[in-house]
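All of the numbers you see were taken from the coordinates with simple rules; none came from a lab. Please read these numbers as outputs of a predicted model, since none were measured by experiment. Don't worry about glycine lacking a Cβ; one is built from the backbone with ideal geometry, like all the others, and counts go over all protein chains shown.
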Amino acid sequence: TVMAAPVTNDQSWFFALALGVSFLKCLLINAYHSTDFEVHRNWLALTHSLPAAQWYYEATSEWTLDYPPLFAWFEYGLSHIARFFDKEMLVVQNLNYASPATILFQRLSVIVADVVFFYAVKECCKCLREDKGKDLLGKPSFILTVLLLWNFGLLIVDHIHFQYNGFLFGVLLLSIARHFQNRHFEGALLFSILLNLKHIYLYIAPAYGIYLLRCFCFTQSNADGSLQWRSFSVVRLVTLGTIVLSTFSVSFGPFIALGQLPQVLSRLFPFKRGLCHAYWAPNIWALYNIADKAFSILGVKFKLLDINKLPKASMTGGLVQEFQHSVLPSVSPLATLICTVLSILPALFRIWHRPNGARGFLRCLVICALGSFMFGWHVHEKAILMAILPLSLLAVESREDARIFLILSITGHYSLFPLLFTTQVAHQNISHVAIYNLHIGNVILHLFFRKGGALLNPLEATYLLGLIPLELICEFVYPLTVWQKTFPFLPLMLTSVYCALGVTYAFIRLYISLLTCSDSTKKIKTQ
Amino acid sequence: MENWSLFSLCVLLGLTSRWAVSFHSYSGAGKPPMFGDYEAQRHWQEVTYNLPVHEWYFNTTNNDLNYWGLDYPPLTAYHSLVCAYVAKLLNPEWVELHASRGYESHSHKLFMRATVLFTDILIYIPAVLLYCFYFCDGSSKQKVATALCILLYPGLILIDYGHFQYNSVSLGLALWGILGLGLGWDLFGSLAFTLALNYKQMELYHSLPFFCYLLGKCIKQGLTGRGFFQLAKISLTVLVTFALCWMPFLSDPKQPLQVLHRLFPFGRGLFEDKVANTWCSLNVLIKIKTLLSRETQLFLSYCTHLGFCLFLRLMFFLFVFFHSMLPLLVKDGLLLPYVVTSLAFLFLSLYLLSALERSTEEELRLGIYRKLTRHWLPKLNLSRIIKWKFWFSLVAMAVLSFTSVWLEPPAKFPDLFPVLVSILSFLHFLGFIIYFNLVQLMEPQRKKSQKKTN
């Protein structure tokens, strides 16, 4: 059969994809939303009703403001539009207020804010090494657009669970795109803004710091790619510093002037929470916990441990609380910080020593995000998106990265399902099926376009296919068994642990690819 | 390989939009005492599970026919029975005799929506895929685009997954029938269509073309020889299928009569208040299809060689029909899905039309009109007129939708907006009937000329 080449304008498919996903988001307006909905409504209310001096002290609602000031200003701006939808949502005392107008407004605000994300994706497409003359469906920019715009992890978290990640990731991707395009000042500015919107991006700040220092402040490298100390440009360093500092001062300035900095910081970094979130993120600590549990059970069985001496606190209880491990040493926040830093240090060294241009930076960024996901304290499984989305850019250009992306995205997105668990069993299953099959579509699209043999080796393929029986067991078989009452969180644990294996594997492979990738600075003419 | 992955993407998009729509309300949600079609389907599960077969269609103390009595043929009843068994496993309260009237809960809604999805995946979607794969002309991209358009058609999605019905079963079975005939498997085709007929009696409207086509085919093969044998086999298939479906009702002569009385309630008006809207809307579509199928041989060949552009015109026609369902959907609280799915469908069709086909006069088969108007208006630029007419229709529909929802009709004419919607839709239908009939009349000549150019 002959494939008719599309007669359209080159960019109309982008518009069609963006419009299509927006329609889908509109259909999800009335879907289940989590407590994050109330969180944002509360922030709308308090930024609107109270003067800035009280924003970080306000505690009527349990969902206090724990994002940096720029995000608070963003909510303030939104609140002025919210007035026209329903004034009642802006009253701080109206806890859990969720009228139809409120829902409509908040959902629409996320959908509209995603315009930033659309723009960023468009810019990223320009940074790819395009292969001209390919049929539309085989173009890397088309695949990237699908993978990013229709990223179903983002759909679940933003448009069902409710958050503004699309907007934030838009800023991140735009910043990355600017670095690819050698517009480093803009990239740095965007990243500083991003840090002041949501401080979780501090995890990837080291990548930015090292890259900008190495590749931008030192204007030249030697022929073999090593550092040329003499080419240090003070001007550039100072400009970058000014940009970053001025952004922070605009954001935190007012609060420093009011002497509220300690309070703001305490709100931003609440360390009282436990090692693991209520639903375990699939990271190293999930495996650690499981190992600990297994050892304790074995220990009791073989009479090596006294059951009375074991701590009774539950790790998977609904409330996040401190707990002690039984057999393995307990983990403190400091320990996790050290582990995180250790995990990303080799990558940072690598791009300092042998930078690989913007792509090396991106790889390092993903490793930083993934490393902090793996070893961080109280990591939320949503944080996996910080690794998956930038990885998409690499995935459409290299087979190895595509493999890693496939494994990481499937397991990462699958581990997001607990976000949809509610007491209303109905919605959980509906959302499951609805959105997961779209992801499978993504996967098929991706698999399909990697000609030249299968993308995954049999072991990897089996692992991924194993998610299906896992799902069936956790969803349908387990609730019917006797253990449902005594160990209600076992399916979640199983999901976390299974996915943690995949994530760890992806992390290791990513590291290998960074440390062994050939130095292509000679090929890249512009830095 | 390539085709199938693209097709599976279409299916996934179709499934996702179906599930996303199923989040929304259903007919009669939270509206005692009668509720709506959703409650009717649940009630049929209750009736078929708890009562013996001979009581299903009769007015007894246990079975009040005034409260959503069964008025579809036996296959629907059997389907409800199977669903009821599953329901009993999950939560017996859902089908408790009498006690479960008006039962509404999230888990029950999930269950009911799941039954629709299950039958959709089993019957309708494979039929659509096979149809697009084997019977659509054009490049593989056009086939995939066709499949996508059909699967995303908002009418079926909103009626089945919003309002709540099982049209996908009867339409799917009818489509299998068409597939069977198209592939030359007459017996399979007749079987499938008979099953469709036994699911919903509205398929009678489609039965005439089936009958005429098969009869014509047999006559062609010679009534004395093979043709007669073929006719006998087909008739036997149909009769056996009917017998199997109606078997429980054949023991007592009163039974089939009562069933027929329920299926064709000529005692009441055909536009009785309860079912007025659904009947009205679907009735019009079926009538149009009947009128279209007067040239039965051509009808089926028309079905099997649908040019892509003509197909998109058909989609626009269906879109107008969908627009006429607006009053019904607003009553069900489905305004948001209506707006979103119709906009999505519209944009998708427009995008595909511009991407995959250029709408020249030739493609639009405007030759007919050209011939007619050549004498009177030789300077007419027909394709431009068609485009203007298209945009005008869209604007008119958008304006009518907006006014129906947001404005209050004047006190003298309380039904102003629904009537306007009906009039607009009717005018479109009239135009399409003329257009399609002309196309069919010109079909043999053009087919010959097409064969020359291919």
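Numbers below:
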| quantity | calculated |
| --- | --- |
| Rounded, prolate or oblate (a/c below 1.5 giving rounded, otherwise prolate when a/b exceeds b/c) for the stretch B:110-240 by Cα gyration tensor | oblate |
| For the stretch A:193-207, Karplus couplings with θ = phi - 60° (6.51, -1.76, 1.60), whole Hz, Gly/Pro x | 4, 4, 4, 7, 8, 8, 7, 4, 6, 4, 4, 9, 4, x, 4 |
| Percent of alpha-carbon pairs separated by more than 20 Å within the stretch B:30-164 | 52 |
| Restricting the stretch B:43-96 to GluC sites (Glu not before Pro) in coil, as DSSP defines it, with at most 10 other Cβ within 10 Å | none |
| Listed residues A:Ile204, A:Leu172, A:Gln263: farthest to the positive end of the dipole of the stretch A:172-289 (Cβ charges) | A:Gln263 |
| Sorted by Cβ neighbour density within 10 Å, fewest at the top, the residues B:Phe345, B:Phe417 | B:Phe417, B:Phe345 |
| Of the trypsin sites (Lys or Arg not before Pro) in the stretch A:157-233, those whose Cβ has at most 16 other Cβ within 10 Å and which sit in DSSP loop | A:Arg183 |
| Residue order, fewest to most beta carbons within 10 Å, for A:Arg399, B:Arg42 | A:Arg399, B:Arg42 |
| In the stretch B:133-226, the chymotrypsin sites (Phe, Trp or Tyr not before Pro) that fall in loop regions by DSSP, at most 11 other Cβ within 10 Å | none |
| Rounded if a/c under 1.5, otherwise prolate or oblate - the stretch B:96-153, Cα gyration tensor axes | prolate |
| Residue order, fewest to most beta carbons within 10 Å, for A:Ile367, B:Ile150, A:Ile512 | A:Ile512, B:Ile150, A:Ile367 |
| In range of the label at B:Glu55: residues from the stretch B:84-110 whose backbone nitrogen is under 11 Å from the point 7 Å along Cα→Cβ | B:97-98 |
| Anisotropy class of the stretch A:113-272 from Cα gyration tensor, a/c 1.5 cut | oblate |
